[in-house]
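The values are calculated or read from the model by the stated rules, or taken from the named source; none is laboratory data. The model shown is predicted, which means the values in this text are computed figures rather than measured ones. Cβ atoms come from the backbone with ideal geometry, glycine included; neighbour counts cover every protein chain shown. With ligands, DNA and RNA removed, areas are computed over all heavy atoms of the protein, side chains included. Shrake-Rupley method; radii C 1.70, N 1.55, O 1.52, S 1.80 Å.
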Amino acid sequence: MNPLASASIVVAVSGGIAAYKAADLVSSLTQAGARVEVILTRGAREFIRPLTFQALTHRPVHEDLFEPWTEASLGHVSLARDTALLIVAPASANTIARLALGMADDLLGAVALATGAPILVAPAMEHHMFHHPATRGHLTTLRGWGVTVIGPTSGRLASGETGDGRLAGVPEIIGAARQVLGRGGPLAGRRIVVTAGGTREPLDPVRYLTNGSSGLMGYAIARAAIDVGATVSLISTPVVLPAVVGAEMVHVGTALEMATAVDEQTARADVLVMAAAVADFRPATAAAHKVKKQGGTATMTLDLVLNPDILAGLDRPGLIKVGFAAETDDLVANARAKLDAKGLAMIVANDARDAIGSPDNEVVLLTPGAEPEYVPRMDKDDLAAILIARVGTLLAGNRP
Ligand SMILES: Cc1cc2nc3c(=O)[nH]c(=O)nc-3n(C[C@H](O)[C@H](O)[C@H](O)COP(=O)(O)O)c2cc1C
């Protein structure tokens with residue numbers, strides 16, 4: 001379950017050029033189901049108007065510690081008490097300094113001191129301001145208190161110069177929010193390794209054999225595991241998806257590279273979920289130079305050799321292995337055979353024609369000795385949450 005859905009979140013916007021990006025952040029959080037209260041600092045009100053946030057959240061915007069309408073019910077205390085997460089984005093150098101000094105003469109300062117909720121700070125400023133020892137020192141202080149600092153990233157700044165100081169992207173801030181909210185969830189302390197994408201088996205320096213796997217399923221599983229507190233390694237082939245915030249990303253190309261990465265990453269893991277589409281065969285040799293057309297020949301023959309079966313070959317006592325079976329015929333029978341042959345705790349069977357590259361999926365879950373469980377077609381994010389809930393049950397020592 002996406003922890004943003006129905007979470008109460010305070011977004012505090014401070015005064016910087018990136019204040020306009022906070023509207024996108026607030027909009028995304030609201031669309032994800034969060035109840036968002038917005039605080040605008042004095043500086044922020046110079047850059048963006050409250051009406052924008054009021055329209056996005058359908059709630060009045062909080063501006064002033066001494067506002068009579070909120071302080072009638074001790075507004076700053078209830079904002080601090082009722083929030084699950086305080087996000088400061090963008091965080092100006094001035095606001096970072098004020099937070100680190102515990103200043104409480106404005107609404108944000110008072111809420112930050114009064115709340116027991118986790119705090120996420122996303123700095124955005126000109127690069128000399130960011131690298132100044134004062135700012136660095138204040139951020140170190142905040143981190144020391146358990147505040148999560150996200151970004152800034154490097155790139156072109158409003159000043160026209162290039163350097164560190166760009167506000168982290170909205171997906172990165174949202175990913176960090178999910179991770180912080182998921183901390184302490186049912187899989188806290190558990191280590192899960194997930195594989196994703198189709199392997200690439202080179203023919204020559206510029207060509208490879210692959211398949212249509214998008215990586216969507218594996219990435220969704222990694223996110224769902226982080227949502228419930230797990231520590232996640234995501235072993236991925238090149239895909240066109242953004243990195244999963246909070247996961248350790250391990251990039252691989254071939255099935256052999258994936259086998260090595262799985263071996264390394266599972267050394268201390270509780271669970272391996274193999275959602276990647278691993279090539280059964282690879283070219284016997286990868287040519288060192290680009291293969292040329294041969295004059296007069298209309299066909300070409302490739303010699304292929306078998307790749308190792310990563311799941312079957314991995315013998316780690318105590319590791320819960322979850323596999324995927326993408327089949328076109330006899331789905332349940334073929335998947336059941338793989339479940340038994342590879343010593344899996346669960347296999348997710350799906351029709352390869354519908355599943356690969358699609359944003360949604362319909363699957364059958366098989367576990368040893370149990371009846372198949374049919375899961376209807378749904379978005380891969382929703383399916384991932386169900387799969388991770390089943391993994392939780394397996395970890396608890398029960399069958400799903
Ligand atoms: C045009 C302009 C752009 C600014 N951009 C930034 C910025 O990106 N980051 C920052 O830390 N301060 C920036 N400042 C300075 C802050 O607005 C200033 O320190 C202000 O007091 C911050 O107030 P606040 O922290 O209460 O929001 C900018 C100022 C101006 C006039």
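Structure notes:
- Residue match in segment 63-84 (condition: more than 15 Å from the ligand (Cβ to nearest atom), within 24 Å of the chain's Cα centre (by Cα) and touching a residue at least 24 places away in the same chain (Cβ under 8 Å)): yes
- Any hit, segment 129-146, residues being of a type in the set (A, V, I, L, M, F, W, C), open to solvent by 30 Å² or more (accessible area, probe 1.4 Å), away from the ligand (no atom under 12 Å from the Cβ) and not in a loop (DSSP other than H, G, I, E, B): no
- Some residue of segment 104-114 being more than 15 Å from the ligand (Cβ to nearest atom), closer than 21 Å to Asp64 by Cβ and surrounded by fewer than 24 Cβ atoms within 10 Å (Cβ to Cβ): yes
- Check on Ala100, closer than 20 Å to Thr115 by Cβ, within 12 Å of the ligand (Cβ to nearest atom), over 22 Å from the mean Cα position of the chain (by Cα) and surrounded by 18 or more Cβ atoms within 10 Å (Cβ to Cβ): no
- Selection within segment 165-200: residues that are assigned to a strand (DSSP E or B) and either within 16 Å of the ligand (Cβ to nearest atom) or surrounded by fewer than 24 Cβ atoms within 10 Å (Cβ to Cβ) (or both). The member of this set that is farthest from the chain's Cα centre (by Cα) is Gly165.
- Among the residues of segment 223-257, those that are within 24 Å of Asp351 (Cα to Cα), buried (at least 18 other Cβ atoms within 10 Å of the Cβ) and free of Cβ contacts under 8 Å to residues at least 60 places away in the same chain comprise Leu234, Ile235, Ser236, Thr237, Thr254, Ala255.
- Taking the numbered list (1) over 30 Å from Ala224 (Cα atoms); (2) near the ligand (Cβ under 10 Å from one of its atoms) in turn, Ala91 passes all entries but (1).
- When residues of segment 24-51 are limited to those that are in a helix (DSSP H, G or I) and crowded, with 19+ Cβ neighbours inside 10 Å, the one farthest from the ligand (Cβ to nearest atom): Thr30
- Selection within segment 65-91 - outside any helix (DSSP H, G or I) and either buried (at least 17 other Cβ atoms within 10 Å of the Cβ) or modelled with pLDDT of 90 or more (or both): Leu65, Thr83, Ala84, Leu85, Leu86, Ile87, Val88, Ala89, Pro90, Ala91
- Condition broken by His58, with the remaining ones in (1) on the phi > 0 side of the Ramachandran plot; (2) open to solvent by less than 50 Å² (accessible area, probe 1.4 Å) satisfied: (2)
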